1. So, in segment 59-80, exactly how many residues are crowded, with 16+ Cβ neighbours inside 10 Å, modelled with pLDDT under 85 and either of a type in the set (A, V, I, L, M, F, W, C) or touching a strand residue (DSSP E or B) at 6+ places or on another chain (Cβ under 6 Å) (or both)?
2. Restricting attention to segment 81-91, does a residue exist that is open to solvent by 80 Å² or more (accessible area, probe 1.4 Å) and modelled with pLDDT under 85?
3. What are the residue pairs meeting all of these: first residue in segment 63-74, first residue outside any helix (DSSP H, G or I), second residue of a type in the set (A, V, I, L, M, F, W, C) and modelled with pLDDT of 85 or more, Cβ atoms under 8 Å, and 6 or more apart or on different chains?
Amino acid sequence: MQPDEMALDNTQTDDSGWPPFSAAVEAITQQEQKENESSHPPPANPENSNQGEVVGMMVSGALSLIEQLVSFKSGVDFEFNDKGKDEVISASSTVFSKYDLIGKDKTFAYGEEVALLFAVIGITLMSKRQIAVLKEEKAKHEPDDKSASIAA
């Protein structure tokens, strides 16, 4: 705001002898409101308020699925670092929100279902791996049982 815009008319005074400051105060208040409005981002879309939650479930499910695939293929237990997982989930939530990838009219509207699918596939792979480990342990113990019965 220019100084001349805020200048007061010295010829007008109120009963106390002071010039009216209301015009200057109002101008400053309006300027501050404009600055505040321009500095705040628009409010989030209420329809997509649970985007972060849905994205978190999807990404967490995908990471769990990757863990199970690696464990299944390598034959050893594998887990991502929890801090790394959280960072990936947080970053992906930001990207999904930025591009509004989850909404009622978007293809990712079934995020919960995708997360469930990842969880089911992951537990299936984990079960297959667990069955293989149990079979190996059983095979190791069976020869010991047979040799013990022969010795007796």
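1. Final tally of qualifying residues: 1.
2. So in segment 81-91, the residues open to solvent by 80 Å² or more (accessible area, probe 1.4 Å) come out as 81-83, 86-87.
Going one step further and asking which of them are modelled with pLDDT under 85, we end up with none.
Among the residues of segment 81-91, not one is open to solvent by 80 Å² or more (accessible area, probe 1.4 Å) and modelled with pLDDT under 85, which makes the answer no.
3. Going by the 8 Å Cβ cut-off, there are no qualifying pairs.
The values are calculated or read from the model by the stated rules, or taken from the named source; none is laboratory data. The model shown is predicted, which means the values in this text are computed figures rather than measured ones. As a convention, Cβ positions derive from the backbone with ideal geometry for all residues, glycine included, and neighbour counts pool all protein chains shown. Keep in mind that these areas ignore ligands, DNA and RNA; they rest on the heavy atoms of the full protein, side chains included. Shrake-Rupley method; radii C 1.70, N 1.55, O 1.52, S 1.80 Å.
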